[in-house]
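In what follows, a structure is listed as structure tokens, so that the remarks can point back to it.
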Amino acid sequence: MKVLQINKYFYRKGGADTVFFNTMRMLEERGHEVVPFALRNEKNLRSDYEQYFVPYPELGESSLGEKVRRAPSFVYNRRAAAMLEKLLKAERPDIAHVHLMFNSLSVSILPVLRKYGIPVVMTVHDYRLICPAYLFTDGNGRICERCKTGNYYNCILRRCSKGRLFNSLMLASDSYFRRYIIKPIDYVDRFIFVSRFAMEKHIEFSAKYAGKSEVLPNFTPLLPCAAVAKGDYCLYIGRISEEKGIPTLVEAVKGSGIQLRVAGTGPLLESLRRQSPPNVEFTGHKSGDELYDYIRRARFVVVPSECYENNPMSVIEAMTLGTPVIGSRIGGIPELIEDGLNGYLFEPGSPRDLRLTLDKALSMPADKYDTLRREAQTFARANFGEEAYYRKLITLYNNTILNYNE
């Protein structure tokens, strides 16, 4: 089978990009031909198809003037549509699998795929289909569902894009365009949701999703689980930003003997570094074997999110490596953690409840902790294994192609 894999980034920027690259590798190793389509970027990995990649700046790093100039292509990128058409004429894939496309490739690519008779599946990594700012949080970081009825002007009024007015205006404009002009629900044949919570949230917004969706959680490759001595620290991995609950986590460990390591970068890094107590260490960005070693040696990985998390790779990777997770009771996280069996849950945004949970988890007897580790690893390997994921994905591809051609 020849599979077109579409993603905004062709380098590992976040969890969705990790899934994108993992999926390509998994398919290639099993004999399928994979054709990528993405943006051009100096950070990109090498590709035989980069001649078809789309030149487009990272708008988050662009000046206001550049954003104004690029606003039309933010909503509808004619260059992306033209480059994709060239690729389709040359390669003729059997199916297209979309990951991230908004803010760059845009929905312009969907009519092109339809024109050439290419069935489309889409992994829904965030909430951008129904929330302009994709996190269900307003400009102050509070959970917000005011756009539920299609009133996307709320994104502008509340500056939901990190408090920035123009960015919020662009996001709202894009959502209105997708609501009234090119509707992804009409062009995507099958939506893959990585958590039941996310699927049900989309169905709440539009019943049309109910007949075109299924849940298939992310997978992680079988990671080497060398026996290592556990350290005395808890670990946070990921973006250091308000919605991820990092201020709550730092507040929870203040005045305690709990050693916390924070691996990642983000807008709150410097301010938190200055304000944090000595028992909090900011390690910067970690990846690959170095990151896996940090995870293996941690007593717990902590996921303190205060937004609707979907299917966090940090939870899946930690469990796979035999490190239990303490996570907030929000979004798709409770689907992964059974409280007291393979990890612990706490109330999001509550430093007090997180502190109590940390104290309980770190004071458990060694035999109980070993049981917790084994349960976490067993759960991860049973639910997020690569081979099971592959079988389900190929079945989904084949059924989508079959139904498209009927």
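The table for this structure:
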read-out	value
Matching residues in segment 79-124 - criterion: being closer than 21 Å to A172 by Cβ and not aliphatic (A, V, I, L, M)	F102, N103, S104, S106, S108
Unmet criterion (only one of (1) among the hydrophobic types (A, V, I, L, M, F, W, C); (2) buried (at least 19 other Cβ atoms within 10 Å of the Cβ); (3) at pLDDT 95 or above; (4) assigned by TED's automatic domain parsing to the domain that holds S241) for L393	(4)
Single unsatisfied condition, Y153 versus (1) within 30 Å of R381 (Cβ to Cβ); (2) more than 18 Å from the chain's Cα centre (by Cα); (3) surrounded by fewer than 20 Cβ atoms within 10 Å (Cβ to Cβ)	(1)
Verdict on L135 being without any contact (Cβ under 8 Å) to a residue 60 or more places away in the chain, within 24 Å of G266 (Cα to Cα), aliphatic (A, V, I, L, M) and not in a strand (DSSP E or B)	no
Residue among K230, K208 that alone is over 30 Å from L372 (Cβ atoms), surrounded by fewer than 18 Cβ atoms within 10 Å (Cβ to Cβ) and out of contact with any Leu (no Cβ under 6 Å at 6 or more places or on another chain)	K208
Qualifying residue in segment 188-197 (condition: in the same structural domain as L396 (by TED's automatic domain parsing), of a type in the set (V, I, T), crowded, with 16+ Cβ neighbours inside 10 Å and out of contact with any Ser or Thr (no Cβ under 9 Å at 6 or more places or on another chain))	yes
Single condition N279 does not satisfy, out of (1) closer than 28 Å to L135 by Cβ; (2) at pLDDT 95 or above	(1)
Residues satisfying the stated conditions in segment 172-199, i.e. free of Cβ contacts under 8 Å to residues at least 60 places away in the same chain and closer than 24 Å to E58 by Cβ	A172, S175, Y176
Residue ID - surrounded by the most Cβ atoms within 10 Å (Cβ to Cβ), chosen from residues in segment 5-17 that are in contact with a His (Cβ under 7 Å, 6 or more places away or on another chain) and either in a loop (DSSP other than H, G, I, E, B) or at pLDDT 95 or above (or both)	N7
Residues that are surrounded by 15 or more Cβ atoms within 10 Å (Cβ to Cβ) and free of Cβ contacts under 8 Å to residues at least 12 places away in the same chain, drawn from segment 28-46	none
Count of residues meeting criterion [modelled with pLDDT of 95 or more, closer than 21 Å to P217 by Cβ and in a helix (DSSP H, G or I)] in segment 320-358	3
Residue under evaluation A172, criteria (1) at pLDDT 95 or above; (2) over 17 Å from Y76 (Cα atoms); (3) not basic (K, R), criterion not met	(2)
Matching entry among I185, I237 (being within 26 Å of E387 (Cβ to Cβ), touching a helix residue (DSSP H, G or I) at 6+ places or on another chain (Cβ under 6 Å) and among the hydrophobic types (A, V, I, L, M, F, W, C))	I237
Meets criteria (under 22 Å from the mean Cα position of the chain (by Cα), of a type in the set (G, A, S) and on the phi > 0 side of the Ramachandran plot) for G332	no
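The values are calculated or read from the model by the stated rules, or taken from the named source; none is laboratory data. Keep in mind it's a predicted model, so treat the numbers as computed, not measured. When we count neighbours, we look across all protein chains shown, and the Cβ atoms used for this are built from the backbone with ideal geometry, even at glycine.
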